[in-house]
Structures are given as structure tokens and as C-alpha cells.
């Protein structure tokens, strides 16, 4: 049986969308095939995103930033989840096969200022907010 596709989108595809992809895969990988992409992908997944996801028991070290054009017209998507306000304006409103487009705007941990400790706490906060949103969404689907 074919699993429905979930595509998580943001601007840089280096933090929020990568974390959401990791959590959906961890909690519902048997139910969905999960992908993430960005409108302006960064060169790499942010090292703090990789580190803090590992601390939460999710390995995203093998993931890479991708442009949404890698999927547009090539992937039928049941759920599109946009995790930042900037990408929400730039991302397609219609996608082949899409039944639901969700907007979950989270703060960008990569753009946070302050001391190293404050930046780290920002990553942890956003990671936990994403985890909680993913779990609530999955619970609502049941």
C-alpha cells in the first residue's frame, strides 16, 4: 500500500522544516513518506538543529537542504506543512494530490541573536514547539 506524502516547507530548509520532517518520520514514518524543502535552501542543515534533534532522539544528520522545485510536479503530496511565515507567502497554494495545506509558523532559530546559550535555548524551544505541534496534528488525524 502506498503511504501518503507529507512535504514540510520553509525558507532555508536548514532548521524548522528539517526538524519537523525528522519528528514526523519518527512518530509516523509507518504512516507517511516525509520530505522537506525550502524556497531558498541553505548550504547545509544547521549544526545546532542536528545536535538538538539528536538530543531529542531523532537523527537528521543525513538530511540535506533541498529546493521545493525538486518536488514540484514530481511528487503528489497529501499534506503540505509550511513552518515559516516568509515561505507561506512564497509556497504554492495548490499541489498535485494535496488535501490539506497547514501553516505552522515557528520562530527561526537560526536567526536568533544573543549569547551562544541564548541561541541554544532558542533552538531547544523551537524544537520542542515543533515536536508538540507534530504530535498534536498526528493525534487529530486519528
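The values are calculated or read from the model by the stated rules, or taken from the named source; none is laboratory data. All of these numbers come straight from a predicted model, not from anything done at the bench. Please note: Cβ atoms are built from the backbone with ideal geometry, for glycine as well, and neighbour counts cover all protein chains shown.
Annotations for the structure displayed:
Here's the yes/no breakdown for (1) touching a helix residue (DSSP H, G or I) at 6+ places or on another chain (Cβ under 7 Å); (2) in a loop (DSSP other than H, G, I, E, B); (3) at pLDDT below 95:
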residue	(1), (2), (3)
2	no, yes, yes
9	yes, no, yes
17	no, no, no
23	yes, no, no
36	yes, no, no
44	no, yes, no
50	no, no, no
60	yes, yes, no
64	no, yes, no
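- Enumeration of residues in the range 62-88 that are within 15 Å of the chain's Cα centre (by Cα), farther than 16 Å from residue 6 by Cβ and touching a residue at least 12 places away in the same chain (Cβ under 8 Å): 64, 65, 67, 84, 85, 86, 88
- Some residue of the range 1-18 being without any contact (Cβ under 8 Å) to a residue 40 or more places away in the chain, in contact with a strand residue (DSSP E or B) (Cβ under 9 Å, 6 or more places away or on another chain), closer than 21 Å to residue 140 by Cα and surrounded by 20 or more Cβ atoms within 10 Å (Cβ to Cβ): no
- All positions within the range 37-69 that are surrounded by 13 or more Cβ atoms within 10 Å (Cβ to Cβ) and in contact with a strand residue (DSSP E or B) (Cβ under 9 Å, 6 or more places away or on another chain): 37, 38, 39, 40, 41, 63, 65, 66, 67, 68
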